[in-house]
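Below is one structure, written out as structure tokens; the observations come after it.
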Amino acid sequence: MHFANIHLNMILKRFNIQWLATPVLILVSAFVTNAIIMLLCHYNPLEAYQAAVSGAFGTGRKFGETLVKSTPFLMAGLSVAMAFRCGIWNIGAEGQFLIGALTATWFGTKLAPIFPQNPWIAVPLCLGLATFAGGVWGLMPAILKVARGVNEVISTIMLNYVALHLVSMMIDGGPLQEAAQRGPQSDRIVEWVFLPRLFPPHRVHLGIVIAVVLAILLTFVLFRTAFGFQLRAVGEGAAAAEAAGISIVQNTLRVFFISGALAGLGGAIELTALTRRLFLNFSPGYGYTAIAVALLAKLNPLVTVAAALLFGALTTGSYSMQREVGISDKVTLVMQATILLFVIGYSSIQLFRKRASSHSE
């Protein structure tokens, strides 16, 4: 019997079934909870979920739209997952996302028109500047942390509001407001800065490929390179890392910059591929939802792809639920919040058990 238990544990570990059990349990719990809420509101949850699945994956066009909706969740999710995995609690992906979009807007409306009309130059330059701007924005809480010991949770949340009001100031009576002044929005970026769409006239764009490639690359760097080991050492054992000669200050700055750069690139992709102009409420909270995406993926960049796809499907599926069943599209927000609550609840239980076992020893 003991041998059978050992053999079963080996099989579970070999195929990562134990690792997958937690996200699956969280999702099942969230879907059951939301089904109960629907029943209390006199809706049929089976019809609602069927409409959601059909709306998200029913046709190639619908699946393409799900991929489009998943991309900002993935880019912001990678930003959060990377920072959290390295022990840095960056809650600032929302602000960094906006700064990336703001930089892309500035380039696409002010700088690109004086450049040669060559998308092979303009698009990479635009994305590169936005990525750099997001990274620099991420460095601000890093400097506060290493220089003054300011808690990054507080500083990154505050900087989110700074970024939000900076966007508002720039497009509402500021230098980036559209020339016609019809409202608080920018002019449309020039065409040679548009991120290419893969299957016109559908909205599936190159940014989806970029995001997936970055997820694979980030997974490799974090878990298969010495550089990634140094980054993770910041959170996994700072004292031991410093004793081994790893600079905590330097790697903290690196983590913040890379995390901010990923979110900034996400904002630029969303703007150059889809909206093509900046406006108030450009982000419906991608940076905050990304926390749930990253935690559901257990801070694994590669699994973040699947988690982001789920959240994208919830978004597109909610439109079908509203149209076919009559449920408000706000059910998506309820579902996202429920998933986040179950993730936090499970993490709290795990932390309590770990502390209890350490005290007992």
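Results, tabulated for the structure shown:
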item	result
Span-like helix ranges in the chain, DSSP H, alpha carbon extent 24 angstrom or more, Kyte mean at least 1.0	17-40, 119-148, 152-171, 206-224, 248-270
Peptides ranked, highest mean first, by Cβ atoms within 10 Å: ranges 316-326, 127-137	127-137, 316-326
Percent RCO, i.e. relative contact order, over the stretch 47-132, from Cα pairs under 8 Å lying at least 6 residues apart	19
Formal net charge of residues neighbouring LEU198 (Cβ-Cβ distance under 15 Å; K, R +1; D, E -1)	+2
Theoretical FRET efficiency, 1/(1+(r/R0)^6), r = Cβ-Cβ of HIS42 and ASN281, R0 30 Å, to 0.05	0.45
Average Cα contact separation per residue, the stretch 222-358, under 8 Å, 6 or more apart, as relative contact order %	13
Highest average packing first - 76-87, 204-215, 51-62, Cβ atoms within 10 Å	76-87, 204-215, 51-62
Shape metrics for the chain, restricted to C-alpha atoms - Rg then Dmax, Å	21.7, 78
The stretch 130-198: relative contact order in percent, alpha carbon pairs under 8 Å with at least 6 residues between	14
Count, lysine Cα pairs under 27 Å in the chain, 8 or more residues apart or across chains	8
Whole-percent pair-distance distribution, where bins are 10 Å wide, for the alpha carbons of the stretch 81-122	25, 32, 21, 19, 3
Whether the stretch 115-248 is rounded, prolate or oblate, judged on the alpha carbon gyration tensor where a/c under 1.5 counts as rounded	oblate
ILE154/HIS202 FRET efficiency (R0 51 Å; Cβ-Cβ; nearest 0.05)	0.75
Theoretical FRET efficiency, 1/(1+(r/R0)^6), r = Cβ-Cβ of ALA179 and LEU125, R0 25 Å, to 0.05	0.60
ALA238 versus PHE57: modelled label distance in nm, points set 7 Å from Cα along the beta carbon direction	4.2
Length added when fully stretched, LEU139-SER29, from 0.36 nm per residue minus Cα-Cα	35.8 nm
Alpha carbon convex hull of the stretch 58-127, volume per residue in cubic angstrom	131
Long-range Cα-Cα pairs in the stretch 116-182 (distance over 18 Å), rounded percent	59
Shape category assigned to the stretch 33-173 from the gyration tensor of Cα positions, a/c cut at 1.5	oblate
Three-way shape call for the stretch 279-318 based on the alpha-carbon gyration tensor, with the a/c threshold at 1.5	oblate
Among 332-340, 32-40, the order from most to least packed when residues are scored by Cβ within 10 Å on average	332-340, 32-40
Extended-chain gain in nm, criterion 0.36 nm per residue less alpha-carbon gap, ILE248 and ALA337	28.6 nm
Whole-number D in µm² s⁻¹ for the stretch 219-361, Kirkwood Cα-pair radius fed into Stokes-Einstein, 4 °C, 1.567 mPa s	71
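Just so you know, all these numbers are worked out from the coordinates, no wet-lab data involved. Owing to the predicted nature of the structure, the values given are computational and were not obtained by experimental measurement. Here Cβ is always computed from backbone atoms with ideal geometry, including for glycine, and neighbour counts include all displayed protein chains.
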